[in-house]
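Contents: one structure, followed by commentary.
Read-outs throughout are calculated quantities, based only on the coordinates presented, and are distinct from any laboratory measurement. Values in this document were obtained by computation on a predicted structure and should not be read as measured data. Quick reminder, even Gly has a Cβ in these numbers, built from the backbone with ideal geometry, and neighbours come from all protein chains shown.
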Amino acid sequence: MSEAALIEVENLRTSFAVGSQRVEAVRGVSFSIAAGEVFGLIGESGSGKTVTGLSLLRLLPPHAAVAADAMRFRGEELGRLSDAEFRALQGVQLAMIFQDPVGSFNPAKTVAWHLQHAIARRRACSGSASGSGGGDWAEEAAQDLRNVGIRAPERVLASYPHQLSGGMLQRALIAMVIALRPALIIADEPTTNLDNLVERQILELIRAQQKKLGASVLYVTHDLGVAGEICDRIAVMYAGEIVEMGPARDVLERPRHPYAQGLLQTSASLERRDEYLYELQGEPGGRGDATGCAFAARCPQAMAQCRTTQPRLVEVGAGHVSRCLLHEQ
């Protein structure tokens, strides 16, 4: 991986305790994100996208186990940091925009309270002496709201979360993340519950603010159209593994893995409003052992050896890799 990468992940493995057993949700995931890059994780629900992001931020429940050969931020090994040391990065240098903005706010507190505490946290972690007591936090909070397209910041600052629409609340959440001035933003399907017009506005907003901050973004989505609009590179996940990764245009226009090809056909069928939508046969899932391809049971191109031989990522183009035995022949 590049020495210039902002974040580097090597062989990330995340599992959860289910009764007396452990179930792997992320299996050997490796990627890097350059400074200022938007890197997308796409795939069906349950593919491990969100768990990957939560693993990076230590936001998983106690019964989760996270291991990796390396998780480096600006060259520093995150796994070596104590909880106290990591909290200095968590929510400041490493921030997250959640899918449901409602759950990101305390319903009993105003938007102003949330932004005041976000600004105070950034200043405390950066060693600024101004803290949260200075009167200038309100001016900064109002400007952050203006930066996300809110024309009446004073009204929004005085509002409680339930008094705002979903789109407005998502803008307020993005403003709260901007207030932290993070180096890496993990955006977990932040437009899922919004209508198409507001979705496009939020996408443009995230991209514009990302460029303004010079931040990197790990963008989690199941929507290929969204990924194509915002991402520089894309990794396709299935059953906890990356099955294809490369420049966004290459992956979306010339997908090489059968699963990525199926996702693209499904997306095209939806856009055409076909009477009978194309769908991948079978149910999303993985394997209980370490043999064979996880996608073999659903793959229209599966061969006998796909059920016994685990494929590896093979280069299929410039910066473009795919995990399929068809590429190894």
Please report the base-10 log of the normalised intensity I(q)/I(0) for region 228-270, using a Debye sum with one equal scatterer per alpha carbon and no solvent, at each q in 0.26, 0.28 (1/Å). -0.94, -1.06
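Could you work out the longest stretch of the chain that avoids the chymotrypsin sites (Phe, Trp or Tyr not before Pro) located in DSSP loops with at most 15 other Cβ atoms within 10 Å? Before the final figure, lay out each step's value.
Working: sites that count: Tyr276, Tyr278.
It runs 1-275.
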Note to self: Kirkwood Rh of region 11-64, Cα pairs, one decimal, Å, is 12.3 Å
Sorted from largest down, what three extents in whole angstroms do the Cα atoms of region 71-161 have along their principal axes? 44, 33, 24
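Just flag the GluC sites (Glu not before Pro) in region 1-65 sitting in loop per DSSP whose Cβ has no more than 12 other Cβ atoms within 10 Å.
Sparse-neighbourhood loop GluC sites (Glu not before Pro): Glu3.
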Amide H to amide H, which residues 5 or more places from Ile97 or on other chains are under 5 Å from it, using H placed in the peptide plane? Ile186, Ala187, Asp188
Rel. contact order, % - alpha carbon contacts under 8 angstrom, at least six apart, the chain: 20 percent
Averaged over every viewing direction, what's the projected area of the C-alpha convex hull for the chain? Give it in nm², one decimal, please. 18.5 nm²
Isotropic mean projected area of the C-alpha convex hull, region 192-329 (nm²): 9.9 nm²
For Cα pairs less than 8 Å apart in space and 6+ apart in sequence, what is the mean separation divided by the residue count of region 103-181, i.e. the relative contact order in percent? 44 percent
In region 211-315, which GluC sites (Glu not before Pro) are in a loop and have at most 15 other Cβ atoms within 10 Å, using DSSP for the loop call? Glu275, Glu279
Whole-Hz ³J(HN,Hα) from phi, Karplus 6.51 cos²θ - 1.76 cosθ + 1.60, for region 163-174, glycine and proline x: 8, 10, 5, x, x, 5, 5, 5, 4, 5, 5, 5
Across region 202-215, in residue order, what do the Karplus-derived ³J(HN,Hα) couplings come to in whole Hz, using 6.51 cos²θ - 1.76 cosθ + 1.60 with θ = phi - 60° and x for Gly and Pro? 5, 4, 4, 5, 4, 5, 5, 6, 4, 5, 5, 7, x, 7
Report ³J(HN,Hα) in whole Hz for each residue of region 224-238, in order, from the Karplus equation J = 6.51 cos²θ - 1.76 cosθ + 1.60 where θ = phi - 60°; Gly and Pro get x. 5, x, 5, 4, x, 7, 10, 8, 8, 10, 9, 10, 9, 10, 9
Take the Cα gyration tensor of region 2-157, multiply each eigenvalue by 5, square-root it, and list the three semi-axes largest first, rounded to whole angstrom. 32, 19, 16
